[in-house]
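See below for the structure under consideration.
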Ligand code: HEM
């Protein structure tokens, strides 16, 4: 089947008029003029200089000169596909989001998988977190679930994100290493920002070298809210569970494959879809009643902590099937703009200070990356529902707004866009009660950096533990600063003394003298949770 011609859902239909197939038609300039020669520039004589009046040469070269746009500041390397999300059961009790009401309802989606650190041309199998971003084209507007394949994050507050990325990206004086955490600045950041401990355990595990995008979990990471039509709010964490299960490479495989085929993961995704072996992921939710907000020894606003699945089970509510490759990687995969702030009625934010900062950052960066304020008009970013507002002009504006009135409110026109009440589908933010002093403080439990890191370690099988020790030894072994190596080993004694000792021996620093810190969590909640779902190797 020529999938690029399929017209199966609202998004496909919307994209159709933008698809241009040359179809053997004659070459023209961008002004529509037929071109008589596309090989020789216009010259004064056979051997003379090229003439300024060669508009075809100038247009062709100028367009080429401007082909590149900035790569994403993070998650630059990615690959994407179209698909559909089908709901299993009504979530009406929990949310009024329309795409979560009727069982079997199908919603078009676009999903982009990515690595975080590497640049656009880096290798797929690098040890790294993978992005897992989904755009649901719902009848109420776009809903973006911009997640990762690891359920926790490096830091707790968005204020530190630029520092984290400066530390993990190639070092500025020599631009090395290109796509790895095996360097001084990353590990120096680790030792001096110890809330990172839990995330680093995941990144040193096999989770950071997935076998395939089709075999990864996805996590919304933050705590979000679901709001039902009665205005009741509950907390929620989102999960994607791959139907094929979670599978990883081992390190030597990742290295060899990366050397032979840097496109390993994108090729795997592309080919699976081309032959009709469609990747599937079930959407899971962990739901917490509002009154249980303080039931854990950790703060649910802390993105370095997960909700153990034994305590808050994951309920699978639907399935996403990726069934169509993109027609053009630049137009679709590169120009897509995901944003955690793209929500629909029934889904809302919490005060997680990492999420709050993300709500600013994505739109801000896309204004630069995609050349101004009109990138929502790009075909891949357009919602499938109508757009009406008083926003006007700006670079690359395509919409031709009619009429003379472009402001709210007015008495001159009776067809300017009016706002909607909540009942009519207008987005109304959850009326959370907020009070307190203006401060840069955080919850005390944010300072417990090691309890969940240790739970993760304890949940690992022996081969998985060996892989983690080997990964630490490889990555840390590349650090030039003896002091940084020592600090890291001294830090990870708080996760497990034996582990830290073995790493110390492997990276030639002194064995840590400190002791494992006591697990500060005292509630049955955390101390009962010994197993966290782990990769099958
Ligand atoms: C991409 C910022 C945390 C997942 C990006 C981009 C920025 C950014 C600026 C590039 C967007 C673009 O150019 O279109 C931040 C900040 C964070 C943060 C400031 C914390 C304060 C997270 C977390 C997750 C995440 C916690 C996962 C839950 C992603 C993904 C992409 C991305 C998947 C790539 C989206 C795509 O494929 O286009 N982030 N990020 N980020 N981020 Fe974050």
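The values are calculated or read from the model by the stated rules, or taken from the named source; none is laboratory data. In this text the structure is predicted, and so the values were computed from the model without any measurement. Virtual Cβ from ideal backbone geometry, glycine too; neighbours counted across all protein chains shown.
Of the residues making up segment 119-128, those that are buried (at least 22 other Cβ atoms within 10 Å of the Cβ) and within 16 Å of the ligand (Cβ to nearest atom) are 124, 126, 128. Would it be correct to say that residue 285 is over 25 Å from residue 438 (Cβ atoms), more than 15 Å from the ligand (Cβ to nearest atom), at pLDDT 95 or above and surrounded by 22 or more Cβ atoms within 10 Å (Cβ to Cβ)? Yes.
Can you confirm whether segment 501-516 contains a residue that is in a loop (DSSP other than H, G, I, E, B), over 32 Å from the mean Cα position of the chain (by Cα) and in contact (Cβ under 8 Å) with a residue 40 or more places away in the chain?
Step one: filter segment 501-516 for residues in a loop (DSSP other than H, G, I, E, B), giving 507-516.
From what is left, the residues that are over 32 Å from the mean Cα position of the chain (by Cα) are 507-516.
Retained after the next criterion (residues that are in contact (Cβ under 8 Å) with a residue 40 or more places away in the chain): 516.
Yes, there is a match, as at least one residue in segment 501-516 is in a loop (DSSP other than H, G, I, E, B), over 32 Å from the mean Cα position of the chain (by Cα) and in contact (Cβ under 8 Å) with a residue 40 or more places away in the chain.
Residue by residue through segment 153-180, note down the ones that are within 9 Å of the ligand (Cβ to nearest atom), in contact (Cβ under 8 Å) with a residue 40 or more places away in the chain and surrounded by fewer than 23 Cβ atoms within 10 Å (Cβ to Cβ). First the steps, then the outcome.
Initially, segment 153-180 is screened for residues within 9 Å of the ligand (Cβ to nearest atom), giving 153-155, 157-162, 164-165.
The next check asks that each one be in contact (Cβ under 8 Å) with a residue 40 or more places away in the chain; those that pass are 153-155, 157-159, 161, 165.
155, 157, 158, 159, 161, 165 - these are the residues of segment 153-180 that are within 9 Å of the ligand (Cβ to nearest atom), in contact (Cβ under 8 Å) with a residue 40 or more places away in the chain and surrounded by fewer than 23 Cβ atoms within 10 Å (Cβ to Cβ).
So, residue 260, is that one surrounded by fewer than 21 Cβ atoms within 10 Å (Cβ to Cβ), closer than 30 Å to residue 423 by Cα and free of Cβ contacts under 8 Å to residues at least 24 places away in the same chain or not? Considered against the rule, which asks whether it is surrounded by fewer than 21 Cβ atoms within 10 Å (Cβ to Cβ), closer than 30 Å to residue 423 by Cα and free of Cβ contacts under 8 Å to residues at least 24 places away in the same chain, residue 260 comes out as no.
Among 85, 79, 18, which is the only one that is touching a strand residue (DSSP E or B) at 6+ places or on another chain (Cβ under 7 Å), more than 16 Å from the ligand (Cβ to nearest atom) and in contact (Cβ under 8 Å) with a residue 24 or more places away in the chain? Can you show your working first?
On the way: 79 fails: more than 16 Å from the ligand (Cβ to nearest atom); 18 fails: touching a strand residue (DSSP E or B) at 6+ places or on another chain (Cβ under 7 Å).
Criteria check complete, one pass: 85.
Pull up segment 52-76, narrow it to residues that are away from the ligand (no atom under 16 Å from the Cβ) and surrounded by 12 or more Cβ atoms within 10 Å (Cβ to Cβ), then point me to the one that is farthest from residue 226 (Cα to Cα). This residue is 54.
Please go through segment 326-359 and pick out each residue that is under 30 Å from residue 438 (Cα atoms) and near the ligand (Cβ under 8 Å from one of its atoms). Break it down stepwise before answering.
Keep residues of segment 326-359 that are under 30 Å from residue 438 (Cα atoms), which gives 339-359.
The answer is 339, 340, 354, 355, 357, 358.
For segment 385-403, check the following and say yes or no: at least one residue is more than 16 Å from the ligand (Cβ to nearest atom) and closer than 29 Å to residue 273 by Cα. Looking for residues that are more than 16 Å from the ligand (Cβ to nearest atom) and closer than 29 Å to residue 273 by Cα, one finds at least one in segment 385-403, hence yes.
Within segment 400-417, the set of residues being closer than 27 Å to residue 343 by Cα and either surrounded by 11 or more Cβ atoms within 10 Å (Cβ to Cβ) or in contact with a strand residue (DSSP E or B) (Cβ under 8 Å, 6 or more places away or on another chain) (or both) comprises 401, 406, 408, 416, 417.
Taking residue 299, is it in contact with a helix residue (DSSP H, G or I) (Cβ under 9 Å, 6 or more places away or on another chain) and crowded, with 18+ Cβ neighbours inside 10 Å?
Details: in contact with a helix residue (DSSP H, G or I) (Cβ under 9 Å, 6 or more places away or on another chain): yes; crowded, with 18+ Cβ neighbours inside 10 Å: yes.
Here the answer is yes, as residue 299 does meet what is asked.
Within segment 210-219, being more than 16 Å from the ligand (Cβ to nearest atom) and either surrounded by fewer than 23 Cβ atoms within 10 Å (Cβ to Cβ) or modelled with pLDDT under 95 (or both) holds for 212, 215.
Listed here are the residues, each with its yes/no results for (1) within 16 Å of the ligand (Cβ to nearest atom); (2) within 19 Å of residue 152 (Cβ to Cβ); (3) assigned to a helix (DSSP H, G or I).
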residue: 182; (1), (2), (3): no, no, no
residue: 186; (1), (2), (3): no, yes, yes
residue: 191; (1), (2), (3): no, yes, yes
residue: 195; (1), (2), (3): yes, yes, yes
residue: 200; (1), (2), (3): yes, yes, yes
residue: 221; (1), (2), (3): yes, yes, no
residue: 229; (1), (2), (3): no, no, no
residue: 234; (1), (2), (3): no, no, no
residue: 240; (1), (2), (3): yes, yes, no
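Screening 313, 373 for residues that are surrounded by fewer than 20 Cβ atoms within 10 Å (Cβ to Cβ), within 16 Å of the ligand (Cβ to nearest atom), more than 21 Å from the chain's Cα centre (by Cα) and in a loop (DSSP other than H, G, I, E, B) leaves exactly one candidate, 373. Among residues of segment 448-472 being surrounded by fewer than 17 Cβ atoms within 10 Å (Cβ to Cβ) and touching a residue at least 12 places away in the same chain (Cβ under 8 Å), the one that is farthest from residue 299 (Cα to Cα) is 463.
Could you go through segment 288-308 and let me know if any residue there is closer than 21 Å to residue 86 by Cα and modelled with pLDDT of 95 or more. Scanning segment 288-308, I find no residue that is closer than 21 Å to residue 86 by Cα and modelled with pLDDT of 95 or more, so the answer is no.
Please work out if residue 346 is within 30 Å of residue 70 (Cβ to Cβ) and either modelled with pLDDT under 95 or in contact with a helix residue (DSSP H, G or I) (Cβ under 8 Å, 6 or more places away or on another chain) (or both). Talk me through it step by step, then tell me what you get.
Details: within 30 Å of residue 70 (Cβ to Cβ): no; either modelled with pLDDT under 95 or in contact with a helix residue (DSSP H, G or I) (Cβ under 8 Å, 6 or more places away or on another chain) (or both): yes.
Against the criterion (within 30 Å of residue 70 (Cβ to Cβ) and either modelled with pLDDT under 95 or in contact with a helix residue (DSSP H, G or I) (Cβ under 8 Å, 6 or more places away or on another chain) (or both)), residue 346 does not qualify.
Going by the structure shown, is residue 207 closer than 22 Å to residue 462 by Cα, modelled with pLDDT of 95 or more and away from the ligand (no atom under 16 Å from the Cβ)? No: the conditions fail for residue 207.
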